[in-house]
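Enquirer: Structure provided below as structure tokens; questions to follow.
FYI, it's all coordinate maths here, none of it is from the lab. Note that the structure is predicted; figures quoted are calculated from it, not measured. All Cβ positions, even for glycine, are placed from backbone atoms using ideal geometry, and neighbour counts span all protein chains on display.
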There are 2 protein chains.
Amino acid sequence: MKTSRGVTIADIAVTAGVSKAAVSYAFNNPDRLAEATVRRIRETAEQLGYTPNPLARSMSLGRTRTFGVLVPQPLEDILVNPYFAVFLGGVAATVGEAGYSILLVPPDKGSVERAIGNAAVDGFLTLGLEGFRPTMHVLERRRLPYVMVDSEPMEQVACINVDDEGGAYAAVEVVLRAGHRRIALLGIRSPQRGRWKNYTGTLQRRVTGYRRALESYGLTLGVGSVRLVECDVSEAGGRMAMRRLLSQRHPPTAVVAMSNLVAIGAIGEAQELGLRLPDDLSFVGFDDIPQVRWVRPGLTTIRQPSHDKGRLAAGLLLDLLAGSTPPTHTTLATELVTRGSVGPAPDNSNRNDVATPRD
Amino acid sequence: MKTSRGVTIADIAVTAGVSKAAVSYAFNNPDRLAEATVRRIRETAEQLGYTPNPLARSMSLGRTRTFGVLVPQPLEDILVNPYFAVFLGGVAATVGEAGYSILLVPPDKGSVERAIGNAAVDGFLTLGLEGFRPTMHVLERRRLPYVMVDSEPMEQVACINVDDEGGAYAAVEVVLRAGHRRIALLGIRSPQRGRWKNYTGTLQRRVTGYRRALESYGLTLGVGSVRLVECDVSEAGGRMAMRRLLSQRHPPTAVVAMSNLVAIGAIGEAQELGLRLPDDLSFVGFDDIPQVRWVRPGLTTIRQPSHDKGRLAAGLLLDLLAGSTPPTHTTLATELVTRGSVGPAPDNSNRNDVATPRD
DNA sequence: TTGTACGCGTTATCAC
DNA sequence: GTGATAACGCGTACAA
């Protein structure tokens, strides 16, 4: 039982003594009506406190002027990372000009698929999907355009990615060059639970970059003192991982993280445990969150253009919607930003390793 | 001309040889149908690649399961502030459990009112509205429940606020106690363009707190070397303001900002200009963004529970929607967090002021 | 299980 | 040139 049926176009039509169509025209196509009629209709609408029902309008028009941003984790987990805000800012900048809104679409009771089905949007932007097969299937079913960001590039699917492999390669190369051989890679918690050989998309590309860099120095991921540890993408996740790493027999002398947030957490933990940076421990991060410049020592990091990713992805989605473009693939460059968090490997830190550079 | 009319409930009805109603029941009320029928309907739905249209469903049910978060500025401006992400995280935590989504609602071509009209939501959360009268009018028209956060408390309107006045008082008191008399207050760019006597809501409460603290030391805002400067809520805004302040004849010895982001920008600028903290210049911030702990020296700040604001606001909106609660007002406490950014006023810094404490 | 009214605005078609 | 009529979009839910 509804207590207050909102004022509808029909109410105005009756009160003003015109048809529903006239009311609609008075707002959307005033030229078709006599000026006096338009005025009268608008006045009665004003008096009755009429507000068009956006749902009904969307229903008729067949579009919502809303884009869904699909994320694979609960929003409260993702929002802690400024990286997401930067990306979203890029999306918003492009989408806002076109008069579109942004619907945040986290998993519904753990299911990304269910969430897709419930979202009243004109298209989707997906960010960092890992197990993307079933998700894509549902996306295709909805017959809505979508752009995948940070995923595995697929034929006929619009994708925006960055050069993760190159960035990852550069990140590890930095510490290898500095003489480090006991290296911990701080990954991102994934459905694969550490089995990096099963990675896809962004994670896979990064691991490939790591491995290539390691191999050029004769090292192998997972062998000896080079290991990959998955952790929550948060400061706490970095701290926890760091604590575990430092409690081991041969703790790493360098830490390469897939996320600045994780790197900063790890740095905080290391510092609180009395280690000095970069003398005792070196760090490399990944991302370009603006706040990284607040930390001391400066964090050497792989910059990726998150804001541009958002802008481009949103622009591409608008193009797809307009039907003016085929689904394209774009890969943006990453860039090594050198600051103070990487130093030479401590003396004698490599006594357990025989690896030497090949090149 | 549509190229691909999506599969609808009617298509399935025809193919499966049943009525539309049966199809609907097969998904939402299977017990009313024979098992075999349900199975047959679901199978044909599967084969045809049916996806329910969320718009049509919302239309029927009269609810969208979406909340709109109304912000008074373009999203890309607001998203740079981690404060917003924290707030949104609180909203998401509460709203997600209830199966609701979040629609971000920035001004549409500069108009908050237009944006309200276009949003297909069940209710609104507003954040930091300044010129709120016309906005409220439009909100009321839509006859949707809404909760105002960081605004001027109004009768019959659900509001969540923090003790801005107390927080502001404490912020200024800290630097007054430390002997500072040349104090710059870094405000937030508002439609009032610096005329703080016209402030309402959060800004008004903060200025009131500032003034009360100043008065207890015989100082007056806007007189002598105590001034309020509005600036963009961003690091750049803080930097710009700081640069201007330091170029004046009698630069401040203490800076009290309404935002940590602004404070950090100002600190960065001051440091780059060769000033040492807190010896040459003291700073106090406002907010509780997590990343504030990354800056050195530690920023003394007024902590406000942004995450809780989001949680409570969303919870209140859910209650309003359920009709189980009247619109209530809640004020959360603020708290002074002392770190290293406030030091004693430099000697002879007060030679231009005669003010002394009264109490 | 079915038929059908309903929610609400848009727009093509038709009449004056 | 003005305005009305009615179909449409798509699922839901009540009466039969």
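Enquirer: How much space per residue, in cubic angstrom, does the convex hull of the C-alpha atoms of region A:214-266 take up?
Expert: Taking the convex hull of the Cα positions in region A:214-266, it is 76 Å³ per residue.
Enquirer: Give me Rg over Rh for region A:41-114, both radii from the alpha carbons and Rh done the Kirkwood way, two decimal places.
Expert: Details: Rg = 17.1 Å, Rh = 15.0 Å.
Using Cα coordinates only, the ratio equals 1.14.
Enquirer: State the answer as a single residue: which of B:331, A:252, B:103 lies farthest towards the positive end of the charge dipole of the protein assembly as shown, with beta carbon charges of +1 for Lys and Arg and -1 for Asp and Glu, about the Cα centre.
Expert: Comparing the listed Cα positions along the dipole, B:103 ranks first.
Enquirer: For a test of the definition: using alpha carbon positions, the gyration tensor, and the 1.5 limit on a/c, classify region B:2-151 as rounded, prolate or oblate.
Expert: Numbers: a/c = 2.76, a/b = 2.55, b/c = 1.08.
Prolate is the answer for region B:2-151, as a/c is 1.5 or above and a/b outweighs b/c.
Enquirer: Within region A:128-228, which GluC sites (Glu not before Pro) sit in a loop by DSSP and count at most 12 neighbouring Cβ atoms inside 10 Å? Before the final figure, lay out each step's value.
Expert: Values: sites: A:130, A:140, A:155, A:165, A:173, A:215; in loops: A:130, A:155.
Answer by residue number: A:155.
Enquirer: Can you compute log10 of I(q)/I(0) for region B:1-90 with the Debye formula, treating each Cα as one identical point scatterer, at q = 0.19, 0.24 Å⁻¹?
Expert: Log10 of I(q)/I(0), two decimals: -0.86, -1.19.
Enquirer: Using a Förster radius of 60 Å, what is the FRET efficiency between residue B:223 and residue B:111 based on their Cβ-Cβ separation? Nearest 0.05, please.
Expert: Between residue B:223 and residue B:111 the formula returns 0.95.
Enquirer: Counting just the Cα atoms, what span does the protein assembly as shown cover along each of its three principal axes? Round to the nearest Å and put the largest first.
Expert: Each principal axis gives a Cα extent; for the protein assembly as shown these are 79, 72, 44 Å.
Enquirer: Between residue A:39 and residue B:60, how many nm apart are label points set 7 Å from Cα along the C-beta direction?
Expert: 4.5
Enquirer: State, in angstrom, two size descriptors of region A:70-178 derived from its alpha carbons: Rg to one decimal place and Dmax to the nearest whole number.
Expert: 15.7, 52
Enquirer: Moving on. Enumerate by residue number the trypsin sites (Lys or Arg not before Pro) in region B:91-145 meeting two conditions: DSSP loop (anything except H, G, I, E, B), and at most 11 other Cβ atoms within 10 Å of the site's Cβ. It would help to have the intermediate numbers written out before the result.
Expert: On the way: sites: B:109, B:114, B:141, B:142, B:143; in loops: B:109, B:142, B:143.
Filter output for region B:91-145: B:109.
Enquirer: Also, I was wondering about something else. Helix hunt in chain B: which complete DSSP H runs extend at least 15 Å axially by C-alpha with mean Kyte-Doolittle at least 0.0?
Expert: On the way: long enough: B:35-48 (20 Å, -0.91); B:82-97 (23 Å, 1.19); B:164-177 (19 Å, 0.34); B:201-215 (21 Å, -0.99); B:235-246 (16 Å, -0.23); B:260-272 (18 Å, 0.58); B:306-322 (24 Å, 0.47).
Span-like helices in chain B: B:82-97, B:164-177, B:260-272, B:306-322.
Enquirer: Whole percent per 5 Å bin, from 0 to the bin with the longest distance: what is P(r) over all C-alpha pairs of region B:70-111?
Expert: 6, 21, 27, 22, 16, 7, 1
Enquirer: Counting Lys and Arg as +1 and Asp and Glu as -1, each charge on the Cβ, what is the dipole of region B:201-359 about the Cα centre in debye, to the nearest 20? Let's see the in-between values first.
Expert: Working: 18 positive and 16 negative charges, 33 e Å.
Using Cβ point charges on Lys, Arg, Asp and Glu, region B:201-359 gives about 160 debye.
Enquirer: Let me ask something additional. Need one number: nm distance between label points at residue B:212 and residue B:293, each 7 Å from Cα along Cα→Cβ, rounded to one decimal.
Expert: Taking the two extended label points, one gets 3.1 nm.
Enquirer: Computed on alpha carbon atoms, what radius of gyration and Dmax characterise region B:121-167, expressed in Å?
Expert: Looking at region B:121-167, its Cα Rg and Dmax stand at 11.0, 35 Å.
Enquirer: Taking the Cβ-Cβ separation of residue B:248 and residue B:331 as r and a Förster radius of 60 Å, what is the calculated FRET efficiency to the nearest 0.05? Intermediate results must be reported in sequence, preceding the final value.
Expert: On the way: r = 36 Å, r/R0 = 0.61.
My answer for the efficiency is 0.95.
Enquirer: Right, another one. Apply the Debye scattering formula to region A:94-156, with a single equal point scatterer on each alpha-carbon and no solvent, then give log10 I(q)/I(0) at q = 0.13, 0.15, 0.18, 0.29 Å⁻¹.
Expert: Ignoring solvent entirely, the Cα scatterers give -0.34, -0.46, -0.66, -1.51.
Enquirer: Could you check how many percent of all C-alpha pairs in chain A are farther apart than 29 Å?
Expert: Numbers: 32318 of 64261 pairs.
The proportion of pairs with Cα distances above 29 Å equals 50 percent.
Enquirer: Could you give the Stokes-Einstein D for region A:202-318 in µm² per second, using the C-alpha Kirkwood radius, 20 °C, 1.002 mPa s? Spell out each step's value before the answer.
Expert: Details: Rh = 15.3 Å.
Calculated translational D: 140 µm²/s.
Enquirer: Kirkwood hydrodynamic radius of region B:121-208 from all distinct Cα pairs, in Å? Walk me through the intermediate numbers first.
Expert: On the way: mean 1/r = 0.0684 Å⁻¹.
Result for region B:121-208 stands at 14.6 Å.
Enquirer: For region A:94-120 and region A:245-263, what is the separation of their C-alpha centers, rounded to whole Å?
Expert: 35
Enquirer: With the dipole of the protein assembly as shown worked out from charges on the C-beta (+1 for Lys and Arg, -1 for Asp and Glu) around the Cα centre, which of A:219, A:270, B:136 lies farthest toward the positive end?
Expert: B:136
Enquirer: Sticking with this structure for a sec: Calculate, for residue A:156 and residue B:200, the FRET efficiency according to 1/(1 + (r/R0)^6) with r their C-beta to C-beta distance and R0 51 Å; round to the nearest 0.05.
Expert: Details: r = 53 Å, r/R0 = 1.04.
It comes out at approximately 0.45.
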